[in-house]
Amino acid sequence: MTTARAHTNIALIKYWGKRDADLILPYTSSVSLTLADFYTDTRVEFDARLATDQFQLDGQAQSAAKLTRFLDLVRGQAGITTRARVTSTNHVPTAAGLASSASAYAALALAASHAAGLTLDDRALSRLARRGSGSAARSVFGGLAVWHRGTDDASSYAEPLPATTLPLRMVVVMVNAGPKPIGSRDLMANTVATSPYYPAWVTHNEAAATAMIQALAADDMPTIGHLTEQSAMQMHAAIMAADPAFTYFEPETLAVWQTVHRLRASGVPVYATMDAGPNVKLLTLAPHVATVCAALSPQFDQRVLVSAPGPAARVLED
Ligand code: DP6
């Protein structure tokens, strides 16, 4: 029995689109920041008496179909057939809309591989987590990480980037914490299949990943922020141009972007990004967090969360 913890990550350079849906190989590399405040704890116990895998999330029994597909990969590597009891808790402020497959599959990959007696190095663990959810490949690592798109299963993995001296902070603005109208996996596939902007997205985003790694190494906040906004907006533009057309933007989403641009015009280093939902995440620096929160508070008051960079996935109990 092993319990592991993994933290969510927010992509500064996005992953959007699979070249291989079974292996979860992405069309582009991506770059992310793991967050301290939001994480998943998962306990895995292999038990020879079980006929099927059992899964409980936040105290509620769940269907184990996806879990079983993932655990089969672990069982295959470990040479066992034993079923498992999996208990998972998301530590994300209630209704933050941040409950993420990234922290979930990174914690599951670590706990399950450990409980099965495997000792995977970070690269093998990242590749395993990737098979559950692409973004989980990056949640194996703390701080900044790059997920190399690679060319096959062995070469598509994440690894940590050198720490920046910038005191990066992420401010999460909860626009709407309700369920998503369209899940990201289906929308991602449809964007690849139908958006005329998708090929342009691939070209630009891959170049942006390389540029981002250089900007982070140079502690160049204006370039880091610029590339962050470009990657998010280009991803959402590709989504809007898909058939059927769709957008996660809501009126308040745009209100946050306007606030960000107004703050920047007054000299505050703050940049917006968004994932598969209407909530907005703002990249800024610790000395500016109070100014950013003050600008958001008239409209968003209790709907603003702040996080510092967080640590790598780790075993809590064995
Ligand atoms: C918009 O990793 O959740 O958050 O691989 O289908 O499970 P699957 O997708 P997932 O997609 C994340 C998309 C994103 C951008 C990102 O995190 O890079």
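The values are calculated or read from the model by the stated rules, or taken from the named source; none is laboratory data. This structure is a prediction, so every number in the text was calculated from the model and none was measured. Glycine gets a Cβ as well: all are built from the backbone with ideal geometry, and neighbour counts include every protein chain shown.
Couple of notes before you dig in:
- Test: LEU216 is at pLDDT 95 or above, hydrophobic (A, V, I, L, M, F, W, C) and within 21 Å of VAL268 (Cβ to Cβ): yes
- The residues in the stretch 249-270 that are in contact with a strand residue (DSSP E or B) (Cβ under 7 Å, 6 or more places away or on another chain) and closer than 23 Å to HIS204 by Cα can be counted, and the count is 2.
- Restricting the stretch 201-236 to residues that are small (Gly, Ala, Ser) and exposed (fewer than 15 other Cβ atoms within 10 Å of the Cβ), the residue that is farthest from ILE13 (Cα to Cα): ALA218
- Residues considered: ALA245, ALA276. Of these, the only one that is touching a Ser or Thr at 6+ places or on another chain (Cβ under 9 Å) and farther than 19 Å from GLY225 by Cα is ALA276.
- Residues that are within 22 Å of GLU159 (Cβ to Cβ), within 14 Å of the ligand (Cβ to nearest atom) and at pLDDT 95 or above number at least 1 in the following strands (runs of 3 or more DSSP E) confined to the stretch 1-104: 2-13, 18-20, 30-46.
- Residue match in the stretch 240-249 (condition: out of contact with any helix residue (DSSP H, G or I) (no Cβ under 8 Å at 6 or more places or on another chain) and in a strand (DSSP E or B)): no
- Meets criteria (surrounded by 22 or more Cβ atoms within 10 Å (Cβ to Cβ), closer than 30 Å to ALA290 by Cα, at pLDDT 95 or above and within 16 Å of the ligand (Cβ to nearest atom)) for ALA137: no
- Scanning the stretch 130-154 for residues that are under 15 Å from LYS18 (Cα atoms) and of a type outside the set (Lys, Arg) returns GLY132, SER133, GLY134, SER135, ALA136, ALA137, TRP147, HIS148, GLY150, THR151, ASP152, ASP153.
- For the stretch 175-197, the set of residues classified as surrounded by 19 or more Cβ atoms within 10 Å (Cβ to Cβ) and at pLDDT 95 or above consists of MET188, THR191, VAL192, SER195, listed by residue number.
- Just one of the numbered conditions (1) in a loop (DSSP other than H, G, I, E, B); (2) away from the ligand (no atom under 14 Å from the Cβ); (3) in contact (Cβ under 8 Å) with a residue 60 or more places away in the chain is not true of LYS180: (2).
- Within the stretch 140-174, tally of residues that are under 19 Å from THR228 (Cβ atoms), β-branched (Val, Ile, Thr) and either within 13 Å of the ligand (Cβ to nearest atom) or surrounded by fewer than 19 Cβ atoms within 10 Å (Cβ to Cβ) (or both): 2
- One residue stands out among those in the stretch 271-318 that are of a type in the set (Val, Ile, Thr) and farther than 30 Å from HIS114 by Cβ: the one that is farthest from the chain's Cα centre (by Cα), which is THR291.
- Residue under evaluation HIS7, criteria (1) under 29 Å from ALA211 (Cα atoms); (2) surrounded by fewer than 16 Cβ atoms within 10 Å (Cβ to Cβ), criterion not met: (2)
- First in the stretch 220-237 and in contact (Cβ under 8 Å) with a residue 60 or more places away in the chain, second anywhere and among the hydroxyl-bearing types (Ser, Thr, Tyr) and buried (at least 18 other Cβ atoms within 10 Å of the Cβ), Cβ under 6 Å, 6 or more apart: THR228/TYR271; THR228/THR273; ALA232/THR273
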